[in-house]
Amino acid sequence: MKGIEFPDVSRETLERLEVYERLLRKWNPKINLVSTSTLDDLWGRHFRDSAQLLTFSRDFGAWVDLGSGGGFPGMVIAILGMGKDRSFTLVESDQRKAAFLSTVAREASVKVNVISQRSEAIPPLKADVVSARALAPLPRLLSMVERHLAQNGVALLPKGRGVEREIHEALEKFRFDVQKFPSETDPNGVILKIEGLSRV
């Protein structure tokens with residue numbers, strides 16, 4: 001299954017993802033990183049679902065993932081997007097989940113910075129790309145995103161049903177340009193690409 005999901009990645013990258021999978025299955029019963037019902041399709045539901053965000057990102061130096069949880073999409077992006085001039089920061093306030101992310105980074109040899117605090121409590125990170133999956137409704141989420149986005153940065157936010165209502169409500173507080181792309185892995189999902197973000 002993993003070869004089908006990631007036919008074009010190097011053997012080294014695939015091995016990193018396999019280490020990630022092993023650790024996730026080991027830790028999940030203790031700290032509920034993903035829903036147990038999704039474990040049978042871990043590579044599609046979580047790994048490929050996260051990986052598709054790279055398709056919509058222009059060239060970047062710094063990527064920040066807010067509310068990383070089990071590392072989706074941030075850890076997958078870090079594994080697939082590793083480059084000498086790129087940095088990846090995963091922000092996760094739950095200490096146990098942050099410990100899991102640090103363990104994956106160490107055992108899979110992934111260069112990421114894990115910050116175990118709430119996103120509102122840390123200095124602005126000025127990222128070229130900010131991502132977040134299943135963290136908050138869009139009006140509240142954009143408050144967090146705006147804090148850590150560089151001036152010309154882009155936010156990549158997977159969303160599901162009700163996205164039009166969330167966009168409408170967010171436009172009462174923020175100005176932004178938004179593009180919607182259908183999710184490759186969820187027939188009801190979209191990826192929001194948000195640029196030009198500022199408060200009204």
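Considering (1) surrounded by fewer than 14 Cβ atoms within 10 Å (Cβ to Cβ); (2) in a helix (DSSP H, G or I); (3) of a type in the set (A, V, I, L, M, F, W, C), the lone condition that Ala134 does not fulfil carries the number (2).
In segment 111-131, the residue that is least open to solvent (accessible area, probe 1.4 Å) out of those that are more than 15 Å from the chain's Cα centre (by Cα) and closer than 20 Å to Leu53 by Cβ is Leu125.
List every residue pair whose Cβ atoms lie under 8 Å apart, where the two residues are 6 or more positions apart in sequence or sit on different chains, the first residue falls within segment 172-200 and is at pLDDT below 95 and hydrophobic (A, V, I, L, M, F, W, C), and the second residue, located anywhere, is open to solvent by less than 50 Å² (accessible area, probe 1.4 Å) and part of a strand (DSSP E or B). Qualifying pairs under 8 Å: Val200/Phe174. Can you name the residue in segment 1-16 that is in a helix (DSSP H, G or I) and closer than 28 Å to Lys180 by Cβ and is also most open to solvent (accessible area, probe 1.4 Å) among such residues? Filtering segment 1-16 for residues that are in a helix (DSSP H, G or I) and closer than 28 Å to Lys180 by Cβ, the one most open to solvent (accessible area, probe 1.4 Å) comes out as Ile4. Residues in segment 28-52 that are under 27 Å from Lys159 (Cβ atoms) and over 16 Å from the mean Cα position of the chain (by Cα): Asn28, Ile31, Asn32, Ser35, Thr36, Ser37, Thr38, Leu39, Asp40, Asp41. Of Ala127, Ala136, Ala132, all but one fail to be closer than 18 Å to Glu92 by Cβ and modelled with pLDDT under 95; the exception is Ala136. Against the numbered list (1) more than 23 Å from Pro7 (Cβ to Cβ); (2) open to solvent by 10 Å² or more (accessible area, probe 1.4 Å); (3) not charged (D, E, K, R), Ser57 comes up short only at (1). If the condition is being outside any helix (DSSP H, G or I) and either on the phi > 0 side of the Ramachandran plot or surrounded by 15 or more Cβ atoms within 10 Å (Cβ to Cβ) (or both), then segment 74-93 contributes Met82, Arg86, Ser87, Phe88, Thr89, Leu90, Val91, Glu92, Ser93. Here is the figure for segment 31-40: residues that are in contact (Cβ under 8 Å) with a residue 40 or more places away in the chain and not in a loop (DSSP other than H, G, I, E, B) total 1. On the basis of being in a strand (DSSP E or B), open to solvent by less than 10 Å² (accessible area, probe 1.4 Å) and not hydroxyl-bearing (Ser, Thr, Tyr), does Val64 make the cut? Considered against the rule, which asks whether it is in a strand (DSSP E or B), open to solvent by less than 10 Å² (accessible area, probe 1.4 Å) and not hydroxyl-bearing (Ser, Thr, Tyr), Val64 comes out as yes.
Residue-level check: of (1) at pLDDT below 95; (2) over 24 Å from Trp43 (Cα atoms); (3) assigned to a loop (DSSP other than H, G, I, E, B); (4) of a type in the set (S, T, N, Q), Gln117 misses just (1). Tallying residues that are part of a strand (DSSP E or B), open to solvent by 60 Å² or more (accessible area, probe 1.4 Å) and in contact with a Ser or Thr (Cβ under 9 Å, 6 or more places away or on another chain) within segment 148-182 yields 1.
The values are calculated or read from the model by the stated rules, or taken from the named source; none is laboratory data. For clarity, every value in this text was computed on a predicted model and none was experimentally measured. For neighbour counting, all protein chains shown are included, and Cβ atoms are generated from backbone atoms with ideal geometry for every residue, glycine included. Areas reflect the complete protein model, heavy atoms only, side chains present, ligands, DNA and RNA absent. Shrake-Rupley method; radii C 1.70, N 1.55, O 1.52, S 1.80 Å.
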